[in-house]
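The values are calculated or read from the model by the stated rules, or taken from the named source; none is laboratory data. Worth saying up front: this structure is predicted, and the values here are computed from it rather than measured. Virtual Cβ from ideal backbone geometry, glycine too; neighbours counted across all protein chains shown. Keep in mind that these areas ignore ligands, DNA and RNA; they rest on the heavy atoms of the full protein, side chains included. Shrake-Rupley method; radii C 1.70, N 1.55, O 1.52, S 1.80 Å.
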Amino acid sequence: NTGRVLSIQSHTVQGYVGNKSAVFPLQLLGYDVDPINSVQFSNHTGYPTFKGQVLNGRELLDLIEGLEANNLLYYTHLLTGYIGSDSFLNSVLEVVNKLRTINPNLTYVCDPVMGDEGKLYVPEDLISVYREKVVPVASMLTPNHFEAELLTKLRIGSETDGRKACNILHAAGPAKVVITSINIDGCLLLIGSHLKDKKQPPEQFKIVIPRIPAYFTGTGDLMTALLLGWSNKFPDNLDKAAELAVSSLQALLQRTLNDYTSAGFDSKSSSLEIRLIQSQDDIREPKLAFK
Ligand code: ADP
Ligand code: MG
Ligand code: MG
């Protein structure tokens with residue numbers, strides 16, 4: 001079970017975030033992936049400096065018009081990640097509408113990237129656009145802890161809170177919600193929730209992930225791509241899709257940490273570039289290690 005994915009995310013010349021993190025793994029899982037680069041930067045913005053260009057909303061719609069004029073706008077999936085401005089986000093909403101007029105069954109997988117660990121890294125006015133306009137049209141949503149709190153206005157301090165947040169998000173739109181990690185006593189808790197029938201409560205599950213004492217970039221982008229890839233192959237088993245995604249990702253993070261450590265690098269001093277290419281076997285055929 002495969003498809004054709006339009007992926008609107010950042011591009012970095014060196015390193016792995018945004019499309020650089022998402023396109024290759026989706027291709028490994030057998031998808032055609034058409035990337036639109038919302039920015040092109042030399043490297044991710046966690047480095048001391050970066051240079052590059054930002055695509056604006058008008059330029060995004062230009063590319064879409066070009067595709068449409070050649071009847072190339074049929075997609076099974078739309079994937080979006082970090083979006084830095086209100087105008088770009090509104091153009092993305094136009095893209096969702098347009099893709100759905102061509103394929104009413106389009107799956108929109110939205111990673112509502114707004115911040116992490118209490119810090120916002122988009123303008124504040126984007127929060128309400130996500131909450132009021134984007135969440136309602138998303139098929140699957142993959143917020144982290146902080147983003148789930150911003151979208152639901154709920155403080156999430158326990159597994160029960162996480163499940164409640166998923167219910168709130170279902171009521172706003174998406175049938176599938178994965179809170180990719182809730183930080184609880186040194187562990188990461190993933191909460192997944194699939195609303196299969198609006199008259200029934202959603203099917204919910206959790207995965208406990210031991211926290212690796214290092215900071216990685218691009219992991220959220222990779223996680224959402226893997227969740228798209230696997231949940232499309234197992235449409236009625238979000239739990240299985242999440243187990244596969246987490247198993248791949250944890251194998252990759254372990255490899256990344258080992259490579260840095262064996263090179264004598266202090267893995268706590270700065271964020272680590274993920275070893276994406278070296279982990280391709282773990283992406284193609286993950287060994288299930290998380291339940
Ligand atoms: P984001 O990058 O959007 O903040 P998360 O922090 O939830 O998203 O990370 C996405 C996934 O990456 C998590 O579900 C977890 O599997 C993995 N991950 C990220 N950082 C770590 C870490 N330090 N230790 C273990 N797993 C991690
Ligand atoms: Mg995080
Ligand atoms: Mg994220």
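Annotations
- Mean shadow area of region 1-99, taken as a quarter of the surface of its Cα convex hull (nm²): 6.5 nm²
- Among beta bridges that DSSP assigns inside region 1-67, antiparallel share in %, nearest 5: 25 percent
- Intensity falloff of the chain expressed as log10 I(q)/I(0), Debye formula with alpha-carbon point scatterers, at q = 0.12, 0.13 Å⁻¹: -0.73, -0.88
- Overall form of region 48-154 per C-alpha gyration tensor (a/c, 1.5; a/b vs b/c): oblate
- Our coupling estimate for region 45-51, obtained by passing each phi through the Karplus curve with A = 6.51, B = -1.76, C = 1.60 and θ = phi - 60°, is 7, x, 6, x, 9, 8, 9 Hz, Gly and Pro reported as x.
- Highest-first arrangement of 42-49, 5-12, 164-171, where packing means the average Cβ count within 10 Å: 5-12, 164-171, 42-49
- Applying a threshold of 27 Å to the alpha-carbon distances of Lys153/Lys176; Lys119/Lys176; Lys20/Lys153; Lys119/Lys199; Lys206/Lys287; Lys133/Lys240 flags Lys20/Lys153; Lys119/Lys199; Lys133/Lys240 as lying beyond it.
- Prolate/oblate/rounded label for region 137-237 (Cα gyration tensor, a/c 1.5): oblate
- Computed over region 220-291, Kirkwood Rh from alpha-carbon pairs, angstrom: 12.9 Å
- Rolling a 1.4 Å probe over the heavy atoms of the protein chains gives region 124-281 an accessible area of 43 Å² per residue.
- Of all DSSP-defined beta bridges confined to the chain, some 50% are antiparallel rather than parallel.
- Charged side chains reduced to their Cβ positions (Lys and Arg at +1, Asp and Glu at -1) give the chain a dipole of some 540 debye around its Cα centre.
- Within region 1-57, trypsin sites (Lys or Arg not before Pro) in DSSP loop having at most 14 other beta-carbon neighbours inside 10 Å: Lys51
- For the chain, averaging the sequence separation of C-alpha pairs within contact (under 8 Å, six or more residues apart) and dividing by the residue count gives a relative contact order of 16 percent.
- Between the beta carbons of Tyr260 and Asn70, assuming R0 = 35 Å, the FRET efficiency works out to 0.20 to the nearest 0.05.
- Histogram of C-alpha separations across region 120-166, 5 Å bin width, %: 5, 20, 32, 25, 14, 5
- Multiplying the residue separation of Lys119 and Arg211 by 0.36 nm and removing their Cα-Cα distance gives an extension gain of 31.2 nm.
- Sites excluded, GluC sites (Glu not before Pro) in DSSP loops with at most 15 other C-beta within 10 Å, longest stretch of the chain: 125-291
- Here's the picture: charge each Lys and Arg Cβ at +1 and each Asp and Glu Cβ at -1 in region 4-284, and of Asn144, Asn97, Ala242 the one pushed furthest to the positive end of that dipole is Ala242.
- Leading residue at positive end of dipole, region 150-289 (Cβ point charges), from Gly229, Leu154, Val178: Leu154
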